[in-house]
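The values are calculated or read from the model by the stated rules, or taken from the named source; none is laboratory data. Since this is a predicted model, take the numbers as computed values, not measurements. Please note: Cβ atoms are built from the backbone with ideal geometry, for glycine as well, and neighbour counts cover all protein chains shown.
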Amino acid sequence: MILWFSIAALIVGASLFVLWPLIRGGVGENRLAREVAMYEARKAELIRQRDAGEISTGECDAALAEQGRALLVLSRGRAAAAGEDAGKSGARRKLAALMMLIGVPVLALPIYLRVGVPSLPDAPLASRERSQQPFDVETALQKIEAHLAQNPGDVRGFEVVAPVYLKAGRYADAARAYARVIELSGETPERLADLGESLVADKDGLISAEARQAFERALKLDGRFAKPKFYLALAREQDGDIAGALAELEKIAAELPESPAKSRVNGEIERFRAQNKMPSNPAGQAIANLPPAEREAMIRSMVEGLDARLSEKGGTLAEWRQLVQARLVLRQRDAAEAALAKARAALAADMSAVSELDALAAAIKAQPTP
């Protein structure tokens with residue numbers, strides 16, 4: 001009820017504000033009153049001049065007569081116009097007042113009932129602030145996905161949703177979104193690198209052939225792009241070329257400015273050195289610069305050392321997988337299968353690790369015998 005009383009008060013106030021000039025009537029009648037006042041003032045001034053001897057009595061009477069005739073003409077004209085227009089003017093004012101008093105509510109009420117919500121309860125500012133909900137990523141993604149289902153050619157939509165998928169941990173969806181962007185708009189170094197990164201994340205850090213191909217195409221388009229270089233260096237580690245991977249990472253770190261990306265590369269370099277007891281930077285670079293035969297002999301020696309350490313002390317899933325892949329790169333399939341068996345025994349209590357080792361064994365089995 002308070003709402004309706006407020007609306008009624010606003011309508012009445014607005015109507016009175018608009019109708020006030022009509023209620024007061026026209027201003028034409030005020031002109032005659034002003035002329036009469038001016039006549040009286042002029043008459044008093046003429047009498048003062050006559051009494052002071054500034055003008056003669058005849059001049060005073062003539063001036064007063066002239067002023068009187070002008071006032072008489074004005075009064076007769078206003079009387080005639082008033083008699084002619086009084087009915088019309090009054091009717092117009094009444095019609096305008098009636099239209100305002102009735103027309104405004106008649107027009108405003110249906111508009112409000114259509115646009116407004118009269119049944120909505122009060123919502124103070126404090127309660128509105130408390131009722132605000134945090135941003136729901138899943139709800140937003142569902143809306144975007146519904147839009148993309150209806151508009152599969154919306155490149156901008158896939159560009160927006162792909163990094164959101166990546167941050168939400170939906171790596172396979174992110175890879176599909178980046179692939180769709182490339183399909184619709186073509187390859188760029190950034191798109192290819194993002195696709196490869198999504199594929200790597202979906203494989204828990206394993207750089208698959210598809211991911212490697214994306215990074216290689218990105219590097220072909222931009223030879224200075226650090227992201228594909230970084231992942232291809234990690235791919236060399238997975239292939240068993242640990243010295244070459246370390247040398248590449250150190251080269252990337254030297255080219256990068258101080259940034260989170262450089263910090264990540266430096267972190268990988270430290271991990272390499274800690275896990276593989278690698279020498280410092282100059283020695284690592286020296287290994288990478290060895291002739292192919294000597295470098296391969298050095299790599300074989302390092303792989304044997306990694307095998308001996310893991311067999312004696314055990315290690316992480318990543319270290320066992322690195323050993324198996326290094327044996328495969330060196331074309332030592334039997335040694336790779338033996339390392340895989342050792343890994344199964346060492347990580348038997350970790351079901352997720354066993355599952356990944358099973359997948360690795362299936363991949364080895366699918367490879368043709370060299």
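For the reader, a short list of remarks on this structure follows.
- Output for the stretch 299-335, where each listed residue is of a type in the set (Phe, Trp, Tyr) and not in a helix (DSSP H, G or I): none
- Top-ranked residue in the stretch 184-241 [being assigned to a loop (DSSP other than H, G, I, E, B), crowded, with 20+ Cβ neighbours inside 10 Å and of a type outside the set (A, V, I, L, M); ranked as modelled with the lowest pLDDT]: Gly240
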